[in-house]
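Q: Here's a structure for you.
The values are calculated or read from the model by the stated rules, or taken from the named source; none is laboratory data. Remember, predicted model here, so these are calculated numbers, not experimental data. All Cβ positions, glycine included, derive from the backbone under ideal geometry; neighbour counts span all protein chains shown. Just so you know, the surface numbers come from the protein's heavy atoms only, side chains and all, with ligands and any DNA or RNA stripped out. Shrake-Rupley method; radii C 1.70, N 1.55, O 1.52, S 1.80 Å.
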Amino acid sequence: MTKTLEFIFDFASPNAYLAYRALPPILQRTGATLFLTPCLLGGIFKSTGNQAPMLAFANVKGKIDYDMLEMRRFIARHNLTKFRMNPHFPINSLLLMRAMIAAGAAAQQTYVEAVLAAMWEEGQAMGDQAVVAQVLRAAGLDAEKILAGAQTDSVKQALAGNTEAAVARGVFGIPTFFAGAEMFFGKERLGQVEEYLGNHEAQISIG
């Protein structure tokens, strides 16, 4: 049986980038396969009453500073030296997430790598469709086809459905991971994810 780790995913979260980049050694050590489920973080927040940490803890003295310290520690531990906070943050990721679905499974890895690099390494304005198209073309993808597909009803419904289903399973933020029925939230839980995968034959049912 193949171990599978499901990642509830949205490009909008810098922590999603950091977790994604930190995952390969864990997947290699555990023999697990990664499955990305595109969701809309804004939709998750709206449905659950959650907020981005910078808003939720804006009035808590020391909390944001400590969160930034933890981020720096995580970056150093996993040697994620290419990470740069995007100067356009926060970015509306609706188009990006719809386009991820429109790109299809065969092109998903190329699409994800290109968008993650543009968003969290190069600081590009990924809320701008023209910039997104340029990034996709540079990655060898059919930008026009993908972006046209992102506007179809079926893709819009798929993203909305993924988001609603994630909330129904208890998701309130990103990055969230599922190993079987076990949910883990936050990049700081990757150690727990690895421990669980090492001790269980985690399976997920997709679709």
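Q: Taking a ≥ b ≥ c as the square roots of the Cα gyration tensor eigenvalues, with a/c under 1.5 meaning rounded and otherwise prolate when a/b beats b/c, else oblate, which class fits segment 107-207? Please list the in-between numbers first.
A: On the way: a/c = 2.33, a/b = 1.66, b/c = 1.41.
Note, shape of segment 107-207 comes out prolate.
Q: Something else about it: Between residue 34 and residues 5 or more places away or on another chain, which pairs have amide H atoms under 5 Å apart, with H built 1.01 Å from N, and which residues are they?
A: The answer is 5.
Q: Continuing with the same structure: Rounded to whole Å, give me the distance from the Cα center of segment 139-188 to that of segment 115-130.
A: 18 Å
Q: If you roll a 1.4 Å probe over the heavy atoms of the protein chains, what accessible area per residue do you get for segment 18-154, in Å²? Numbers along the way, then the final one.
A: Values: 7560 Å² over 137 residues.
The answer is 55 Å² per residue.
Q: Sort 142-150, 16-24, 28-36 for me by packing, meaning the mean count of neighbouring Cβ atoms within 10 Å per residue, highest on top.
A: On the way: 142-150: 16.7, 16-24: 20.2, 28-36: 14.4.
Highest-to-lowest ranking by the protection proxy: 16-24, 142-150, 28-36.
Q: For segment 139-190, rounded, prolate or oblate, judged on the Cα gyration tensor with a ≥ b ≥ c (square roots of eigenvalues), a/c < 1.5 rounded, else prolate if a/b > b/c? All intermediate terms of the calculation are to be shown ahead of the outcome.
A: Details: a/c = 3.56, a/b = 1.80, b/c = 1.98.
Oblate.
Q: Which FRET efficiency, nearest 0.05, do residue 35 and residue 68 yield, Cβ-Cβ r, R0 35 Å?
A: 0.70
Q: Just to check I understand the Karplus step: with θ = phi - 60° and J = 6.51 cos²θ - 1.76 cosθ + 1.60, what whole-Hz values come out for segment 112-124, glycine and proline as x?
A: Coupling constants for segment 112-124: 4, 4, 5, 6, 4, 5, 5, 7, 10, 10, 9, x, 7 Hz.
Q: Another question about this same structure. Going by the alpha-carbon gyration tensor, a ≥ b ≥ c the square roots of its eigenvalues, is the chain rounded (a/c under 1.5) or, if a/c is not under 1.5, prolate (a/b greater than b/c) versus oblate? Don't jump to the answer; show the numbers that get you there.
A: On the way: a/c = 1.35, a/b = 1.12, b/c = 1.21.
Rounded, because the longest to shortest axis ratio a/c is under 1.5.
Q: Step through the residues of segment 174-183 one at a time and calculate ³J(HN,Hα) from phi using the Karplus curve (6.51 cos²θ - 1.76 cosθ + 1.60, θ = phi - 60°), rounding each to whole Hz and writing x for Gly and Pro.
A: 9, x, 10, 10, 10, 10, x, 8, 7, 9
Q: Restricting to lysine pairs 8 or more places apart or on different chains, what number in the chain have Cα atoms under 23 Å apart? All intermediate terms of the calculation are to be shown ahead of the outcome.
A: Values: 3/187; 46/63; 46/156; 46/187; 61/187; 63/187; 82/187; 145/156.
Lysine pairs, 8 or more places apart or on different chains, close enough: 8.
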